[in-house]
Amino acid sequence: MPTRSSRNDADTTSLSPNIPDFICVYKDSSTIDFIDLKRYLENQIGGAVRIELRRSFISHHLGSDKDIDSIAEKLVNTKVFDVSDPEKIYDPFPVEIDHEKDLIFNPKKKVFGMLYNGFRLQKLLRELLPTAESSFKYLHVAFTSRPIATWDFGDGRYHARTSVYGFPSIISSSGIVEAPAKPREYYIIRKALVASGLARELVEEELKSKLKGRFIDYNDERMTDIVKGYILQAFFYHTTYEPFCDDTNCRLFNAHWQEDMIRAQLKGNDLCERHEGILEKITLKQK
Ligand SMILES: [Zn+2]
């Protein structure tokens, strides 16, 4: 199955027979209300598709036959080591392996530092799936607090991502905060405040107060409603290979700006007419 990150937007919609029997949603440590998310999916997709909430992807698939040290080492190797070279990896330091093990066993712990290469992380997760669940009958959506990025061969650099679609699909809750650009004023005001000598924490507080509501922050109460659209994108990718829409008010809009993301996810009518129609056909096919 090919993969797509949240930046591509070619329109090649065609219905494939990839209608899943199961949607497995793997939780992360963010404040997303996964029960509400499940209810939303049941309303939108429902029918014969069974939606299952699971704990974090790695914890769920970490059977007694799997070597935790080896998984932790591979996780370190999914990190971006050199922002100018997507192939570069090195032998991880023991402290990095321990940190990844710690994150697996204590998912509430904060993820520090570097970006993870979204496609390398996706490959690692795919390798953990049992054979019985490695088919198009399963749509696996792994939420992660790890910030992800993918290499763009077009401009030769990494881009932070909200999501990477494929098998499994990955949605990064920190990516929702960090990947889409904040309003232009944010960067202008921040520059002025930093130049004025204001302490870093106060700079962030001042920016949040001045631009209230115009970008999503960590622990933002709007996060659950925002990610509803991203999980729909994962579903459309799985069923049609086309996760994105050009309509700025459709939840499938591939937003590169926070304000565009907020409008598409919170101010529109879920899906545009065209995608409502496609979803209806898909859900009818299930019955
Ligand atoms: Zn649409």
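The values are calculated or read from the model by the stated rules, or taken from the named source; none is laboratory data. Everything numeric here is computed off the predicted structure, so don't read it as measured data. Backbone-built Cβ (ideal geometry, glycine too); neighbour counts: all protein chains shown.
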Can Pro86 be described as touching a strand residue (DSSP E or B) at 6+ places or on another chain (Cβ under 7 Å), closer than 28 Å to Glu242 by Cα, part of a loop (DSSP other than H, G, I, E, B) and modelled with pLDDT under 90? yes
Would you point out the residue of region 46-67, among those that are touching a helix residue (DSSP H, G or I) at 6+ places or on another chain (Cβ under 7 Å) and modelled with pLDDT of 90 or more, that is farthest from Ser145 (Cα to Cα)? Val49
For Glu280, are the conditions met, namely being within 16 Å of the ligand (Cβ to nearest atom), modelled with pLDDT under 95 and among the acidic types (Asp, Glu)? yes
Residue satisfying condition, being at pLDDT below 95, among the aromatic types (Phe, Trp, Tyr) and not in a helix (DSSP H, G or I), within set Phe112, Phe167: Phe112
Can you say whether Gln265 is crowded, with 19+ Cβ neighbours inside 10 Å and touching a helix residue (DSSP H, G or I) at 6+ places or on another chain (Cβ under 6 Å), as far as the supplied structure shows? yes
Filter region 246-273 down to residues that are in contact with an Asp or Glu (Cβ under 8 Å, 6 or more places away or on another chain) and not in a loop (DSSP other than H, G, I, E, B) and give me whichever is nearest to the ligand (Cβ to nearest atom). Phe253
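Can you tell me how many residues in region 32-56 are of a type in the set (Phe, Trp, Tyr) and either within 12 Å of Phe22 (Cα to Cα) or not in a helix (DSSP H, G or I) (or both)? Write out each step before concluding.
Step one: list which residues in region 32-56 are of a type in the set (Phe, Trp, Tyr), which gives 34, 40.
Checking which are either within 12 Å of Phe22 (Cα to Cα) or not in a helix (DSSP H, G or I) (or both) leaves us with none.
Number satisfying all stated conditions: 0.
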Looking at region 136-162, which of the residues that are within 10 Å of the chain's Cα centre (by Cα) and free of Cβ contacts under 8 Å to residues at least 60 places away in the same chain is surrounded by the most Cβ atoms within 10 Å (Cβ to Cβ)? Ile148
Conditions (1) away from the ligand (no atom under 13 Å from the Cβ); (2) buried (at least 17 other Cβ atoms within 10 Å of the Cβ); (3) touching a residue at least 24 places away in the same chain (Cβ under 8 Å); number of the one not met by Leu207: (3)
Condition first: β-branched (Val, Ile, Thr) and farther than 25 Å from Ile35 by Cα. Now tell me which residues in region 228-278 satisfy that. Thr240, Thr248, Ile278
State whether the residues of region 211-230 include one that is within 16 Å of the ligand (Cβ to nearest atom) and not charged (D, E, K, R). yes
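Name every residue in region 75-134 that is of a type in the set (Val, Ile, Thr) and closer than 20 Å to Val25 by Cβ, in order of residue number.
Here is the first cut: in region 75-134, the ones of a type in the set (Val, Ile, Thr) are 76, 78, 80, 83, 89, 95, 97, 104, 111, 131.
Selection gives Ile104, Val111.
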